[in-house]
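No lab work stands behind these numbers, since they all come straight from the coordinates. This structure is a prediction, so every number in the text was calculated from the model and none was measured. Quick reminder, even Gly has a Cβ in these numbers, built from the backbone with ideal geometry, and neighbours come from all protein chains shown.
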Amino acid sequence: VAWNSLSSRFVEMNPRLFTFTGGDSGLWTVTYFQPVVGEPLPEIKRIDITSGISVASSKGPKWTLRGIVSNERYVTRIEKDQLVAKQAAPGRSGSTHAGLIPIRKNAAWWALTQDERRAIFEERSHHVQAGLKYLPNVARRLHHCRDLGDNEPFDFITFFDFCSSDASAFEDLVAELRATEEWKFVDREIDIRLVRQD
Ligand code: HEM
């Protein structure tokens with residue numbers, strides 16, 4: 001068996017791999033779609049999110065993004081325990097609203113060392129402490145893209161879901177994070193908001 005077919009079978013079976021297809025079909029309907037910084041993405045009407053296997057929709061998506069759920073890089077034990085105690089997984093009934101925010105960080109960020117990035121991420125930007133206040137109402141899943149290939153358009157696909165009454169609180173959190181030092185390193189970001197039927 002060719003290595004190619006072995007490796008593609010491996011990727012298809014990885015439950016931590018998520019595929020986001022933007023087009024005319026999918027569970028999620030786009031309610032807001034705006035580039036925040038950097039190159040835009042073609043605007044689409046609907047998004048489908050699949051795990052484990054990437055299938056192109058028969059209607060032909062306009063774009064496909066991929067990301068992998070991975071281990072944490074920066075959190076301390078104390079922070080991890082705080083997160084685990086409060087957080088919920090996406091996909092709850094009632095979580096009919098979502099934010100999908102693809103993000104890329106610049107070369108200066110990636111040239112830093114782990115301890116330098118941690119200092120910016122938490123000691124100076126308070127990313128986890130800010131986010132903790134919104135748990136469990138906002139559920140999140142972080143997907144890493146950087147190691148999937150050399151030409152991935154984003155470093156992270158971030159996904160959050162919540163009920164309609166938490167939609168404005170979610171915008172407060174996004175605004176708070178965008179004002180931090182961490183976000184000075186973001187050079188591509190797209191704001192996508194979604195709704196689905198319960
Ligand atoms: C809902 C509350 C939130 C919490 C509790 C939270 C918490 C976290 C945690 C624990 C990490 C992983 C740190 C690690 O690797 O050790 C992380 C990473 C990240 N989060 Fe959040 N976050 C929240 C909201 C957000 C929002 C709203 C955005 C986007 C606007 C965002 C964007 C990111 C990005 C891009 C990363 C990857 C950072 C990197 O590795 O350089 N987060 N977040």
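Given Cα pairs under 8 Å that are at least 6 residues apart, what percent is the relative contact order of the chain?
On the way: 362 pairs, mean separation 61.6, N = 198.
Over the chain, the number comes to 31 percent.
When the chain is treated as a Gaussian network with alpha carbon springs shorter than 10 Å, the biggest mean-square fluctuation among A175, A98, A88 belongs to A175. Spatial offset of the stretch 98-143 relative to the stretch 57-91 amounts to 12 Å, using the alpha carbon center of each. Straight-line cross-link partners of K80 among the aspartates and glutamates, defined as a Cα under 14 Å from its Cα and at least 8 positions apart when in the same chain: E72, E122. Label-to-label distance for N71 and Q197 is 4.3 nm, based on points extended 7 Å past Cα in the beta-carbon direction.
State whether the stretch 111-164 is rounded, prolate or oblate according to the following rule on the C-alpha gyration tensor (a ≥ b ≥ c being the square roots of its eigenvalues): a/c under 1.5 gives rounded; otherwise a/b larger than b/c gives prolate, and the remaining case gives oblate. Show your work: numbers first, answer last.
Details: a/c = 3.79, a/b = 1.21, b/c = 3.14.
Taking the square roots of the gyration eigenvalues as a ≥ b ≥ c, the stretch 111-164 is oblate.
Over the chain, dividing the summed -39,500 (n - 2.57) contributions of all DSSP H runs of at least 4 residues by the number of residues returns a 222 nm mean residue ellipticity of -6500 deg cm²/dmol.
Extension gain for K133 to A89 (0.36 nm times residue separation, less C-alpha to C-alpha distance): 14.3 nm.
The lysines whose alpha-carbon is closer than 19 Å to the alpha-carbon of K105, local same-chain residues fewer than 8 away aside, are K184.
Here's how it looks for D191: its modeled amide H is under 5 Å from those of Q34, V36, which are all 5 or more places away or on a different chain. If R0 equals 25 Å, the separation of the Cβ atoms of E39 and S165 corresponds to a calculated FRET efficiency of about 0.15. Here r is the Cβ-Cβ distance between D172 and M13 and R0 is 35 Å; the resulting FRET efficiency, rounded to 0.05, is 0.35.
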